[in-house]
Amino acid sequence: MAKIIVCMFRKKAISESRVIKIAEHELRLYVIRERRSNQRFGLSTKGLIVRVPIMTSTYELNRILDDAFHWAEKALKLKPLHPINFRKLKADDRLYFFDGVRIVKFSGKPTTSDSVPWKAGLINEQILQIKGQEPVTFKEHEMVSKAVRKAVKNHYRNILQERVRQWNNHLELGEVNGFRLGYTTSRWGSCQHNTGKIALSTRLTLCPLWVIDAVIVHELCHLVHNNHSKAFWALLDEKYPRYREADRWVKENGTKCIL
């Protein structure tokens, strides 16, 4: 009984994560038990997210999942989405980075470590080299994607950090006290107004340089205005008038910028 009481007051816990297939889409299912009175379904680039009350029984959960699968199938047929947040890379695919095109190459030989079966590196200006066999299953593609994201982060971190430094020196909007490059799907960049830390998404490396600059200047303007007020947009318009064109480019092409 004591264990049940502890569980009841647990705020949130992912009790299940697995790969499923719905409407010809392979995607990941997340079941989240949390303090709520009813169930809720949602589709995103992460996959199908099903939220249920903490004390939901196995029998009731199976019924809820059946409803969630039928709902997701209808949703995917009505409005085609891409319910995965990674790119399924194949040999000779082309990735269009801001500094040029790179062709994906697999070594054909699995690495020796079971925990990290693939490793990636941007070895020159034209090749994205992935050590390991070409992936086949959903989980294998996930693991390759993680390796590629790490390689892209390591390769471009100093380059984009220097880009932020150059823009900051030019605009003189405030002091930047830290920089982070990481893979995010919810936002392209962020700024901690109080600390002066700037973060950019690795996805930006697949955007033109002038779009990257628009995001950098946007975040630097937050050193002055910690909001999206009229004063903020006026400052951004003054410092980088092309931001409107960048917004249009992202709306039209942003969904393709995944790794």
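All of the numbers you see were taken from the coordinates with simple rules; none came from a lab. Every value quoted in this text rests on a predicted model; they were computed, and no experiment measured them. Virtual Cβ from ideal backbone geometry, glycine too; neighbours counted across all protein chains shown.
Debye calculation, C-alpha points only, no solvent: report log10 I(q)/I(0) for the chain at q = 0.10 Å⁻¹, in the same order as the q values.
Debye intensities relative to I(0), on a log10 scale: -0.67.
Within the range 94-256, what percent of beta bridges assigned by DSSP are antiparallel, to the nearest 5?
Roughly 55 percent of the beta bridges in the range 94-256 run antiparallel, per DSSP.
Just subtract the alpha-carbon distance of N169 and K74 from 0.36 nm times their residue separation and send over the number in nm, one decimal.
Full extension of this stretch gives 29.1 nm more.
Test of understanding: what is the full-extension gain from N177 to A23, defined as 0.36 nm times their sequence separation minus their Cα-Cα distance?
That pair, N177 and A23, stretches by 50.8 nm at full extension.
Given the rule -39500 (n - 2.57) for each run of at least 4 DSSP H residues, summed and divided by the residues of the chain, what is its mean residue ellipticity at 222 nm, to the nearest 500 deg cm²/dmol?
It lands at -12500 deg cm²/dmol.
T58 to T185: FRET efficiency via 1/(1 + (r/R0)^6), r the Cβ-Cβ distance, R0 45 Å, to the nearest 0.05?
The pair T58/T185 has a calculated efficiency of 0.90.
Would you kindly derive the ³J(HN,Hα) couplings of the range 150-162 from the backbone phi angles with the Karplus curve 6.51 cos²θ - 1.76 cosθ + 1.60 (θ = phi - 60°), listing them in order in whole Hz, with x for Gly and Pro?
So the Karplus estimates, Gly and Pro as x, are 5, 5, 5, 4, 5, 6, 9, 4, 5, 5, 6, 4, 5 Hz.
For labels at I159 and E125 in the simple 7 Å Cα→Cβ model, what's the distance in nm?
That separation, rounded to one decimal, is 1.1 nm.
Once a ≥ b ≥ c are taken as the square roots of the eigenvalues of the Cα gyration tensor of the range 73-221, is the result rounded (a/c under 1.5), prolate (a/b larger than b/c) or oblate (a/b not larger than b/c)?
prolate
Would you mind getting me the FRET efficiency between K197 and E142? Use the beta-carbon distance for r and R0 = 30 Å, nearest 0.05.
Efficiency for this residue pair is about 0.55.
Could you run the Debye sum over the Cα atoms of the range 208-259, one equal point scatterer each and no solvent, and tell me log10 of I(q)/I(0) at q = 0.25, 0.26, 0.28 Å⁻¹, two decimals?
These q points yield log10 I(q)/I(0) values of -0.94, -0.98, -1.07.
Remind me, relative contact order of the range 153-259 in percent, using alpha carbon pairs under 8 angstrom and six or more residues apart?
Reported relative contact order: 23 percent.
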